[in-house]
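Visitor: Provided herewith is a single structure, encoded as structure tokens, for subsequent inquiry.
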Amino acid sequence: MHHDIVSQCASTLRLVDAWLDKAEKHAAERKFDAGVLASARLAPDMAPLAYQVTSACDYVKAGARLAGLAPPRHDDTETTFPELRARVAKTLSFIEGVEAHAYEGAAERKIMLPWAPGKVLAAKDYVLQITIPNVYFHLTMIYAILRHNGVDLGKMDFLGALNFEKA
């Protein structure tokens with residue numbers, strides 16, 4: 001189950017590359033610098049698109065804690081679309097390299113968070129209270145910032161391909 005959840009989060013993060021591609025095309029068609037979108041935000045006190053992308057990446061790669069692994073640290077210096085794409089690719093390369101068997105026993109693990117010294121979360125609570133909400137919060141913000149700025153994204157861009165089977 002834990003591997004499936006982290007894999008789903010990674011799968012949705014994979015869609016961000018296509019969103020960024022659409023955003024760059026949008027900027028080129030309208031003859032403005034795509035960097036404007038990287039620094040765009042929905043409200044003055046909200047973090048910009050670039051931060052939303054790096055944060056989504058951070059929460060996806062942190063899913064490796066469920067496999068007993070420490071996620072790699074990144075400097076969070078990405079500001080351009082190529083840099084943001086590279087961050088997504090690095091994150092996916094790492095998390096997809098964690099094999100399913102590494103998550104065995106995850107249900108019994110206690111997860112320590114760097115920002116909560118002396119405290120732990122049970123794996124189930126970590127998944128339900130940290131991983132899923134944070135990954136989808138930041139992905140939703142990326143989508144919303146781009147949509148707000150006119151990028152042609154729809155619900156299927158957010159959901160991605162569905163695994164239909166014959167009835």
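Visitor: Tell me the relative contact order for region 2-159 as a rounded percent, counting alpha carbon contacts under 8 Å between residues six or more apart.
Guide: On the way: 187 pairs, mean separation 53.5, N = 158.
Relative contact order of region 2-159: 34 percent.
Visitor: Could you work out the percent of alpha carbon pairs in the chain separated by over 26 Å, rounded to a whole number?
Guide: When every Cα pair of the chain is considered, 31 percent fall beyond 26 Å.
Visitor: Relative to the longest principal Cα axis of the chain, at what angle does helix 2-29 sit, 0 to 90 degrees, rounded to 10?
Guide: Roughly 10 degrees, rounded to the nearest 10.
Visitor: Output the pairs from K22/K155; K61/K110; K61/K124 with a Cα-Cα distance over 22 Å in this structure; if there are none, say none.
Guide: none
Visitor: Taking a cut-off of 20 Å between Cα atoms, list the aspartates and glutamates near K31, but don't count ones fewer than 8 places away on the same chain.
Guide: D21, D152
Visitor: What value, in deg cm²/dmol to 500, does the helix sum -39500 (n - 2.57) over DSSP H runs of n ≥ 4 give at 222 nm once divided by the residues of the chain?
Guide: After summing the helix terms and dividing by residue count, I get -16500 deg cm²/dmol.
Visitor: For the chain, with only Lys/Arg (+1) and Asp/Glu (-1) charged at the beta-carbon, what is the dipole magnitude about the Cα centre, in debye rounded to 20?
Guide: Dipole size: approximately 200 debye.
Visitor: Now for a different question. Where does helix 132-148 land angle-wise versus the long Cα axis of the chain, in degrees 0 to 90, nearest 10?
Guide: Orientation of helix 132-148: about 0 degrees from the principal axis.
Visitor: For a quick protection proxy, order the peptides 124-137, 5-18, 104-117 by their average other-Cβ count within 10 Å, most packed first.
Guide: 5-18, 124-137, 104-117
Visitor: Further question on the same structure: Summing +1 for each Lys or Arg and -1 for each Asp or Glu, what net charge is found among the other residues whose Cβ lies under 12 Å from the Cβ of R87?
Guide: So the surrounding residues net to -3.
Read-outs throughout are calculated quantities, based only on the coordinates presented, and are distinct from any laboratory measurement. Note that the structure is a prediction, hence the values are computed from the model and not measured. When we count neighbours, we look across all protein chains shown, and the Cβ atoms used for this are built from the backbone with ideal geometry, even at glycine.
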